[in-house]
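One structure is given here, and the rest of the page talks about it.
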Amino acid sequence: MEADFDELETPVDNAPVLSTKHGNFTIEGYSRAAVQTYWRVPEWKIGFDMGLQPWSFMATPNWFVSHGHLDHIAALPVLVTRRRLLKMEPPTIHMPESLIEPVEAMLRAVQRMDRGRAPANLVGLRPGDVVEVSRELAVSCFPTDHRIESLGFVVWEKRKKLRPEFTHLEGPQIRDLRLSGVEVSQEFRLPRLVYTGDTAPAGLDIEPAVYEADVLITEMTFVTKHERPEDSHKFGHTHLEDILARADRFRNELIILAHFSTRQHPETIRKIVETRLPESLRSRVKIWL
Ligand SMILES: [Zn+2]
């Protein structure tokens with residue numbers, strides 16, 4: 001059968017990507033439980049998880065993988081080999097330390113199948129580690145509460161401010177001090193974005209930046225009354241009830257809730273969440289389905 005014009009126009013890349021601009025950066029991604037999870041901020045050249053690789057995501061060189069479940073990591077060899085084929089620099093992929101050995105073995109298997117190299121800088125992380133990504137950005141990691149070892153990530157923007165001992169001085173005095181070689185400013189770090197990966201609510205409460213960062217991307221796998229929060233926690237996931245119980249703590253400007261279970265129809269999920277969210281959260285929450 002001949003394909004009609006509309007079919008030929010269908011984009012090659014069928015990985016869904018939702019997108020929203022927040023201030024001077026853009027959040028792109030998509031996440032459904034047991035299906036696929038991937039996120040990135042193109043302006044920062046940072047991505048999180050790779051359950052699938054939308055074609056455009058290949059341009060992002062720095063990645064942070066939360067854990068080893070396939071819906072979060074399956075496309076790792078795809079990213080590595082695509083970048084090699086297109087003669088781009090090998091990506092740098094951070095992940096929980098325990099994943100390094102199996103991921104190296106996976107890439108070796110890919111090289112045997114592919115008869116080509118699969119070059120990547122793999123970096124193992126432990127909770128509390130900080131990665132200096134660039135002059136402007138750092139990423140720290142914290143332990144989340146999932147069925148296997150799992151990390152959440154905080155993206156910090158590095159800024160400078162005048163040291164407190166110089167704040168009483170006038171502009172020209174500060175300039176003279178600086179010219180004489182005195183370090184007049186000190187660095188401080190602002191939490192711009194948190195990505196939790198998969199976690200029961202204990203993983204939210206362990207890191208204060210979860211509640212303070214400008215943007216929070218987190219999971220809310222279960223939402224209905226018959227999916228009990230206790231069971232969600234056993235599976236290492238968060239329930240709508242957990243988010244509601246913490247409603248007053250979220251200081252974030254934007255909260256993206258994702259990783260919804262496929263057991264419910266998207267419209268059912270949307271309806272339940274929109275009805276139950278308190279006024280204080282409704283305007284700041286995006287439900288990504
Ligand atoms: Zn998982």
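Any read-out appearing in this document is the output of simple, stated calculations on the displayed coordinates, not a laboratory observation. Just so we're clear, the structure is a prediction, and the values are computed from it rather than from any experiment. Every residue, glycine among them, receives a Cβ derived from its backbone with ideal geometry; neighbour counts consider all protein chains shown.
A few points about this structure:
- Long-range Cα-Cα pairs in the chain (distance over 31 Å), rounded percent: 35 percent
- Only helices enter this figure: runs of n ≥ 4 DSSP H residues, each worth -39500 (n - 2.57), summed and divided by the residues of the chain, yield -7000 deg cm²/dmol at 222 nm to the nearest 500.
- Dipole of the chain [Lys/Arg +1, Asp/Glu -1 at C-beta], most positive-end residue of N24, Y38, T268: N24
- Exposed loop sites here are GluC sites (Glu not before Pro) assigned a DSSP state other than H, G, I, E or B and surrounded by at most 16 other beta carbons within 10 Å; excluding them, the longest clear run of the chain is 3-135.
- Built amide H within the under 5 Å cut-off of L193, gap 5+: V155, D214, V215
- For the pair the range 107-130 and the range 26-78, the centres of their Cα atoms are 15 angstrom apart.
- As a length-normalised measure over Cα pairs under 8 Å and 6 or more apart, the relative contact order of the chain settles at 13 percent.
- One Cα centroid belongs to the range 207-247, the other to the range 139-153; the line between them spans 15 Å.
- The range 24-173: C-alpha gyration tensor shape, a/c 1.5 cut-off, then a/b vs b/c: prolate
- Residue among G197, A247, F48 farthest towards the positive dipole end of the chain, charges placed on Cβ: F48
- The residues packed around E219, meaning those with a beta-carbon under 12 Å from its beta-carbon, carry a net charge of -4 if Lys and Arg are +1 and Asp and Glu are -1.
- Considering only R192, R276, R135, the Gaussian network model of the chain with Cα springs below 10 Å gives its largest mean-square fluctuation to R135.
- Neighbour net charge for E274 - beta-carbon separation under 13 angstrom, K R +1, D E -1: +3
- Dipole size of the chain about its Cα centre, with +1 on Lys/Arg Cβ and -1 on Asp/Glu Cβ: approximately 480 debye, rounded to the nearest 20.
- Other residues lying with their Cβ under 12 Å from the Cβ of P90 contribute a combined charge of +4, Lys and Arg counting +1, Asp and Glu -1.
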